Structures are given as structure tokens and as C-alpha cells.
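Comments concern the structure below.
The values are calculated or read from the model by the stated rules, or taken from the named source; none is laboratory data. The model shown is predicted, which means the values in this text are computed figures rather than measured ones. Because the Cβ atoms are built from the backbone with ideal geometry, glycine has one as well, and the counts that use them run over all protein chains shown.
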Amino acid sequence: MRLFDRKASAGRTGPLPTDNRGVGALGEDLAVSFLEGKRYRILERNYRCKGGEVDIVARDPQDKSLVFVEVKARRGLSYGVPQLAVTPFKQRQLSKAALTWLVKHRSQDAAARFDVIAILLADGAAPMIEHIVNAFELTY
């Protein structure tokens, strides 16, 4: 588990989005920038299938494993820390979507893991980004 502060996306002005969709989209953009800064290769964003959705599919530069990333962004802590929103139900949905992605890309034998990127946003402050590597095991 690692905590990392980053400035808001370059050129961004004005208040943070107030709607869930806007907060989620900003969170995913920040997560992609964070991962690219760590030299991850982004393979796909917002992969959707019948079983669920994966926010980001990436390749780890260290061990070349596939990484299925769930991004959770919040404007505050009134609902708890963002990573707690990755419930067992959500983990099962992510697992199903990841398995579908692996079959579609003929990568069933590839090393893979599930990471969570939790982001706390606040007006006028740098986002707090926590990258939880290997956050949970495959569940279905």
C-alpha cells in the first residue's frame, strides 16, 4: 500500500465536479496519469461486458503482468474511504469482467492481478492517491 500526492491535472481550473459521473471521470483520468507516471502501459479504459466493467487494464512495467484496476474517487470521507466501496459484490463483477477480457484477448495464461486506486479530491488541494497493489484475489 502506498500513498502518493499529485497536483490536480494540468490546466484544470475551477471547482471540482459535483456529480458522481464527473468525479468518477476525473478520478479515472488522474489514475491513468498516475499509472503512466509509474511507466505502466495502459491497454484499455472502461472495458465493459455482460459480467461487469473494468476501469483500466494496464501492463505492469516491472513484471509485465496484466493489471485490472478499479478506480474509486470521492470528494470527501462522509461515505468512508474510497477503497471500501470495492465490496465483495464489486470484486466478483470485476473478476467476471477480467476473465472475459482475458478470454477475448487470448491471454488466459497471463499473470494478472487486481489493483485499486483510491482518490480523495478536495477543492484547492492536490488529490490524495493511494495505489493498493494486489488488492484482492480472483472471486466469482
Taking only pairs six or more apart or across chains, which ones have beta-carbon atoms under 6 Å, a first residue in region 84-106 that is under 23 Å from Arg74 (Cα atoms), and a second residue that is basic (Lys, Arg) and not in a helix (DSSP H, G or I)? Ala85/Lys72
Can you tell me which residue in region 2-55 is farthest from the chain's Cα centre (by Cα), limited to those that are acidic (Asp, Glu) and at pLDDT below 85? Asp19
For His105, the lone unmet condition from (1) of a type outside the set (A, V, I, L, M, F, W, C); (2) surrounded by fewer than 17 Cβ atoms within 10 Å (Cβ to Cβ); (3) over 13 Å from Val54 (Cβ atoms) is (3)
Tell me, which residue of region 74-89 that is of a type in the set (Val, Ile, Thr) and surrounded by fewer than 17 Cβ atoms within 10 Å (Cβ to Cβ) is farthest from Ala126 (Cα to Cα)? Thr87
Would you mind stating whether Arg113 is surrounded by 14 or more Cβ atoms within 10 Å (Cβ to Cβ), more than 20 Å from Leu16 (Cα to Cα), in contact with a Ser or Thr (Cβ under 7 Å, 6 or more places away or on another chain) and not β-branched (Val, Ile, Thr)? yes
Taking only pairs six or more apart or across chains, which ones have beta-carbon atoms under 6 Å, a first residue in region 24-42 that is surrounded by fewer than 19 Cβ atoms within 10 Å (Cβ to Cβ), and a second residue that is in a helix (DSSP H, G or I)? Ile42/Val32
If you take the residues in region 108-128 that are modelled with pLDDT of 95 or more and within 13 Å of the chain's Cα centre (by Cα), which one is farthest from Cys49 (Cα to Cα)? Ala118
